[in-house]
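**Q** This structure is in structure tokens; I'll ask about it shortly.
The values are calculated or read from the model by the stated rules, or taken from the named source; none is laboratory data. Nothing here was measured: the structure is a model prediction, and the numbers come from that model. Here the Cβ positions follow ideal geometry from the backbone for every residue, glycine too, while neighbour counts run over all protein chains shown.
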Amino acid sequence: MLYAAVAGLAAAGGAGLAWWKFQPHAVEPGAEGALWSMEFEKPEGGMLSLRALSGKPLVVNFWATWCPPCVEELPLLNAFYRQHAANGWQVVGLAIDQPSAVRKFLQRMPLDFPIGLAGLGGTELGRSLGNLTGGLPFTVVLGGEGRVLHRKMGQVTAEDLQLWTALKS
């Protein structure tokens, strides 16, 4: 009985720690402003300026080619972008990966929304937005006023995207 109680407490403690670890934490002061001032090289060349996207709701997805849940959610995000762009929604993918790997990946799976090559700096940006573990995928929803409205650790679902469309402001 005592062993079962100890095992139960250990399991509950471990589950609680895992839950806490994978929950988005507070956005660091100034992180939203820093995000909007950032620019990233695009895989096809040129620069992606997040400032140019301000004023409309934005989904920022941190991903990598070596991350299976990231790769699985990209077609869903692409469909969301195609369906909701006319309603003002924007999607940006920030690749936490080697530029050559991203370019090769996008040849096999082209995406309609812009991709920025964030590299390891993208991990720090994610941390400033509440992703303390640096886990992927990590998605941030920003309203038209530029403030963080929602964050999600883990793979995005169709239900998430549907709920987020109501958060527009």
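**Q** Going through 62, 113 one at a time, which residue ends up being within 20 Å of residue 150 (Cβ to Cβ), part of a strand (DSSP E or B), in contact with a Phe, Trp or Tyr (Cβ under 7 Å, 6 or more places away or on another chain) and modelled with pLDDT of 90 or more? Reasoning before the result, please.
**A** Details: 113 fails: part of a strand (DSSP E or B).
Answer to the check: 62.
**Q** Another question, then. So, in segment 91-110, exactly how many residues are outside any helix (DSSP H, G or I) and among the basic types (Lys, Arg)? Let's see the steps before the verdict.
**A** Within segment 91-110, the first condition is being outside any helix (DSSP H, G or I), and the residues that meet it are 91-98, 109-110.
Next, only the ones that are among the basic types (Lys, Arg) stay: none.
Final tally of qualifying residues: 0.
**Q** Which of the numbered conditions does residue 74 fail, given that it passes all the others? Conditions: (1) touching a Ser or Thr at 6+ places or on another chain (Cβ under 9 Å); (2) more than 19 Å from residue 55 (Cα to Cα); (3) at pLDDT 95 or above.
**A** Tallying (1) touching a Ser or Thr at 6+ places or on another chain (Cβ under 9 Å); (2) more than 19 Å from residue 55 (Cα to Cα); (3) at pLDDT 95 or above, residue 74 fails exactly one: (1).
Rundown of residues vs (1) within 22 Å of the chain's Cα centre (by Cα); (2) in a helix (DSSP H, G or I); (3) modelled with pLDDT under 95; (4) surrounded by 10 or more Cβ atoms within 10 Å (Cβ to Cβ), yes/no style:
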{"residue": "4", "(1), (2), (3), (4)": "no, yes, yes, no"}
{"residue": "8", "(1), (2), (3), (4)": "no, yes, yes, yes"}
{"residue": "12", "(1), (2), (3), (4)": "no, yes, yes, yes"}
{"residue": "15", "(1), (2), (3), (4)": "no, yes, yes, yes"}
{"residue": "19", "(1), (2), (3), (4)": "yes, yes, yes, no"}
{"residue": "23", "(1), (2), (3), (4)": "yes, no, yes, yes"}
{"residue": "28", "(1), (2), (3), (4)": "yes, no, yes, yes"}
{"residue": "48", "(1), (2), (3), (4)": "yes, no, no, yes"}
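**Q** I need the full set of residues from segment 104-132 which are among the charged types (D, E, K, R) and either crowded, with 16+ Cβ neighbours inside 10 Å or touching a Ser or Thr at 6+ places or on another chain (Cβ under 7 Å) (or both), in order please.
**A** Residues of segment 104-132 that are among the charged types (D, E, K, R), as a first pass: 104, 108, 112, 124, 127.
Of everything in segment 104-132, just one residue is among the charged types (D, E, K, R) and either crowded, with 16+ Cβ neighbours inside 10 Å or touching a Ser or Thr at 6+ places or on another chain (Cβ under 7 Å) (or both), namely 127.
**Q** I would also like to ask the following. How many of the residues in segment 128-169 are among the charged types (D, E, K, R), outside any strand (DSSP E or B) and either within 19 Å of residue 30 (Cβ to Cβ) or in contact (Cβ under 8 Å) with a residue 24 or more places away in the chain (or both)? Reasoning before the result, please.
**A** Of all residues in segment 128-169, those among the charged types (D, E, K, R) come to 145, 147, 151-152, 159-160, 168.
Still in the running and outside any strand (DSSP E or B): 145, 147, 159-160, 168.
Those left that are additionally either within 19 Å of residue 30 (Cβ to Cβ) or in contact (Cβ under 8 Å) with a residue 24 or more places away in the chain (or both): 145, 147, 168.
Adding up the residues that qualify gives 3.
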